[in-house]
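The values are calculated or read from the model by the stated rules, or taken from the named source; none is laboratory data. Just so it is clear, the model here is predicted, and its values are computed rather than measured. Virtual Cβ from ideal backbone geometry, glycine too; neighbours counted across all protein chains shown.
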Amino acid sequence: MAIDTNTGVTLRHELRPGDIGWVVERHGLLYADEFGWDIQFEAVVAEIVAAIVQGFDPARERYWIAERDGTRIGCVFLEAGTGTVAKLRLLLVEPEARGLGLGTQLVAECIQFARATGYPHITLWTMHVLVTARHTYERAGFRLVASEPGHYFGHDLVSETWQLEL
């Protein structure tokens, strides 16, 4: 567990009771409030979290929960993909914690763990409307490698795949 003395944010990489429900709930509520996404998004998040937790391999995967004063304010997951691919999943920063550099810090933790684990690259899937997250990924060195328009979560969106070569 690491504590950022400037912001008072603690990062932990073990899940505790309530964390899984919080990740699903906060993704569902925040994306509905901020982008109008429907319940299908929350269902996708629930499927992702369940698959990661049920098949968790601590040698190849990690999750981080960010807290300040005991309150969850962010998260990110690094999942083992197929072959030698790591997948960055479910980055979230609560509105009250935005501007602290927490998104950048969470992505950096994923990259550091992936490098230490020996992954040659990390991929992620996002939507074009998630501008702040996309900027965070780009600043970390990720590059857009594919995009495809479609109907997702009640809206016409462009899905994007990004990749970082390690």
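In the set (1) modelled with pLDDT of 95 or more; (2) surrounded by fewer than 14 Cβ atoms within 10 Å (Cβ to Cβ), the condition left unmet by T82 is number (1). Note on region 151-166: residues that are assigned to a strand (DSSP E or B) and among the small types (G, A, S) amount to 1.
Table: residues versus (1) surrounded by 16 or more Cβ atoms within 10 Å (Cβ to Cβ); (2) touching a residue at least 12 places away in the same chain (Cβ under 8 Å); (3) small (G, A, S).
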{"position": "V9", "(1), (2), (3)": "yes, yes, no"}
{"position": "I20", "(1), (2), (3)": "yes, yes, no"}
{"position": "V23", "(1), (2), (3)": "yes, yes, no"}
{"position": "H27", "(1), (2), (3)": "yes, yes, no"}
{"position": "E34", "(1), (2), (3)": "no, no, no"}
{"position": "W37", "(1), (2), (3)": "yes, yes, no"}
{"position": "Q40", "(1), (2), (3)": "no, yes, no"}
{"position": "I48", "(1), (2), (3)": "yes, yes, no"}
{"position": "R62", "(1), (2), (3)": "yes, yes, no"}
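A116 fulfils the conditions (1) free of Cβ contacts under 8 Å to residues at least 12 places away in the same chain; (2) touching an Asp or Glu at 6+ places or on another chain (Cβ under 7 Å) except for a single criterion, (2). Scanning region 111-142 for residues that are among the basic types (K, R) and either assigned to a loop (DSSP other than H, G, I, E, B) or in contact with a strand residue (DSSP E or B) (Cβ under 8 Å, 6 or more places away or on another chain) (or both) turns up just one, R134. Residues in region 99-139 that are of a type in the set (S, T, N, Q), surrounded by 15 or more Cβ atoms within 10 Å (Cβ to Cβ) and more than 15 Å from I73 (Cβ to Cβ): T117, T123, T126, T136. Within region 72-97, the set of residues being in a strand (DSSP E or B) and under 21 Å from A32 (Cβ atoms) comprises R72, I73, G74, C75, V76, F77, R89, L90, L91, L92, V93. Report every pair of residues separated by at least 6 positions or lying on different chains whose Cβ atoms are under 7 Å apart, first residue within region 142-166 and farther than 24 Å from A116 by Cβ and at pLDDT below 95, second of a type in the set (A, V, I, L, M) and surrounded by 14 or more Cβ atoms within 10 Å (Cβ to Cβ). Filtered contacts from region 142-166: no entries.
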